[in-house]
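Have a look at the structure below before the remarks.
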Amino acid sequence: MSSSSTRIDSGAVEGDFFRIHDLLSPEEAAVVDRVRTFLRERVQPGADERWERAQTPVELIPEMRELGITGAPEDDPSVAPRSALLSGVLAMEMTRVDPSFATFFGVHNGLAMGSVRVCGSEEQKRRWLPDMVRWEKVGAFGLTEPLVGSGTAGGLTTTARREGDTWVLDGEKKWIGNGTFADLVVVWARDVADDRVKGFVVTKGTPGFTAEALPGKIALRGVQNAHLVLDGVRVPEADRLQGANSFRDTAEVLKVTRGSVAWSATGCALGAYEAARAYAVEREQFGRPIASFQLIQDLIARMLGNVTACQALAVRMAQLQDAGQLGEAQAAMAKMFCTTRMRETVGWAREVLGGNGILLEHGVARFFADAEALYSYEGTREMNALITARAATGLSAFV
């Protein structure tokens with residue numbers, strides 16, 4: 001059969017080779033279509049410019065609110081139920097268009113709101129979550145520190161000291177997404193009295209709390225990552241997350257968001273694959289589209305294989321989550337595997353484009369650069385490998 005008469009598989013073109021979207025109900029598919037339209041019409045057109053200028057699209061918040069995809073039903077009566085599969089596909093779709101936008105959304109919707117949902121008292125949930133559902137209060141999540149990344153479980157240097165009905169927080173946080181403009185920042189600190197990690201919600205403008213954007217980033221430039229300084233910040237006991245009394249509680253939040261990063265990594269790989277495939281079909285050398293050359297076809301097949309494998313793993317992870325059976329090690333494996341395959345895929349996509357692969361205008365460069373951030377946050381590949389292998393062997397290799 002000649003190449004001109006070979007059927008083009010639309011699933012392969014769109015990176016849904018094993019048709020995972022067919023697993024969505026008609027109602028869920030309609031939500032995805034609505035979000036895709038918003039991403040195509042409102043997010044994608046300015047993505048390169050925002051990335052180059054290091055701007056977060058806060059001006060889109062009113063439209064994001066109208067999408068109705070923030071929060072969970074228990075947060076506010078206005079929120080419709082969503083399966084873990086639908087939430088995952090939405091994360092993939094956002095990252096497929098703009099990883100910075102997806103991270104902006106995910107920090108608020110996942111890490112910040114998730115901390116309140118998992119660790120807050122009923123009163124705190126009623127006080128904060130409805131406003132966060134409506135994006136009237138934007139959230140951030142402060143765990144990582146300038147000198148403490150992977151060692152947060154036992155090495156947090158930010159301290160909390162209780163004085164009557166008030167807590168005094170001292171320390172620094174780094175890489176805090178949305179931190180420069182967030183209204184509510186969840187700050188994790190070590191209680192000097194019992195040496196246990198606790199969570200606190202710090203309100204924007206609290207005396208002693210400052211946030212400065214990190215300059216010089218080469219990845220996720222459309223996210224405002226902040227360096228936070230807490231100098232005698234006073235937080236009332238009423239704003240301490242009542243269910244956060246050890247790092248194990250923090251880990252419950254991270255388990256869910258780690259799974260979301262697996263979906264985002266899949267989306268980043270998917271965006272790079274689609275841009276590279278489209279380029280290869282149009283770009284001609286020696287009188288033929290480069291997509292007709294065997295070496296390019298090999299790269300396209302490898303990229304599509306990686307995307308498909310990540311989608312299959314993420315779908316099964318979502319099914320386990322919906323069944324209440326998702327474990328920490330399974331989420332860690334998903335994050336480890338999908339980000340590793342993503343990094344491989346964006347490299348191949350850049351290779352397909354040659355020198356054009358490092359120019360924003362050709363659609364791959366943002367994914368190529370942004371992949372480095374997704375690869376590292378929510379636990380490095382190495383840390384997630386140790387969590388996975390601990391489950392496999394029953395032996396801990398953590399120092």
**OP:** Would you check if there is a residue in the range 103-110 being at pLDDT below 95, small (Gly, Ala, Ser), farther than 24 Å from Asp370 by Cα and open to solvent by 10 Å² or more (accessible area, probe 1.4 Å)?
**Re:** no
Original post:
If you take the residues in the range 290-344 that are farther than 18 Å from Gly11 by Cα and β-branched (Val, Ile, Thr), which one is surrounded by the most Cβ atoms within 10 Å (Cβ to Cβ)?
Top reply: Thr339
**OP:** List every residue pair whose Cβ atoms sit under 7 Å apart, with the two residues 6 or more apart in sequence or on different chains, where the first one lies in the range 284-297 and is closer than 23 Å to Thr345 by Cβ and modelled with pLDDT of 95 or more and the second, anywhere, is among the basic types (Lys, Arg) and open to solvent by 70 Å² or more (accessible area, probe 1.4 Å).
**Re:** Pro289/Arg283; Ile290/Arg283
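Answer yes or no as to whether Ala47 is more than 17 Å from His108 (Cβ to Cβ), in contact (Cβ under 8 Å) with a residue 60 or more places away in the chain and either among the small types (Gly, Ala, Ser) or assigned to a loop (DSSP other than H, G, I, E, B) (or both).
Details: more than 17 Å from His108 (Cβ to Cβ): yes; in contact (Cβ under 8 Å) with a residue 60 or more places away in the chain: yes; either among the small types (Gly, Ala, Ser) or assigned to a loop (DSSP other than H, G, I, E, B) (or both): yes.
Yes, satisfied.
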**OP:** Look at Asp33 and say whether it is modelled with pLDDT of 95 or more, open to solvent by 70 Å² or more (accessible area, probe 1.4 Å) and outside any loop (DSSP other than H, G, I, E, B).
**Re:** yes
**OP:** Would you tally the residues in the range 112-127 being open to solvent by 20 Å² or more (accessible area, probe 1.4 Å) and part of a helix (DSSP H, G or I)?
**Re:** 7
Subject >> Which numbered condition Thr157 fails, given (1) β-branched (Val, Ile, Thr); (2) in contact with a strand residue (DSSP E or B) (Cβ under 9 Å, 6 or more places away or on another chain); (3) part of a helix (DSSP H, G or I) >> reply: (3)
Subject >> Residue selected from the range 36-57 under the condition of a type in the set (Val, Ile, Thr) and closer than 21 Å to Leu220 by Cα, by the criterion least open to solvent (accessible area, probe 1.4 Å) >> reply: Val43
**OP:** Would you mention how many residues in the range 196-224 are more than 11 Å from Gly142 (Cβ to Cβ) and buried (at least 23 other Cβ atoms within 10 Å of the Cβ)?
**Re:** 6
**OP:** Answer yes or no as to whether Ser100 is closer than 26 Å to Tyr375 by Cβ and in contact (Cβ under 8 Å) with a residue 40 or more places away in the chain.
**Re:** yes
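The values are calculated or read from the model by the stated rules, or taken from the named source; none is laboratory data. In this text the structure is predicted, and so the values were computed from the model without any measurement. When we count neighbours, we look across all protein chains shown, and the Cβ atoms used for this are built from the backbone with ideal geometry, even at glycine. All accessible areas refer to the heavy atoms of the entire protein, side chains included, with ligands and DNA or RNA removed. Shrake-Rupley method; radii C 1.70, N 1.55, O 1.52, S 1.80 Å.
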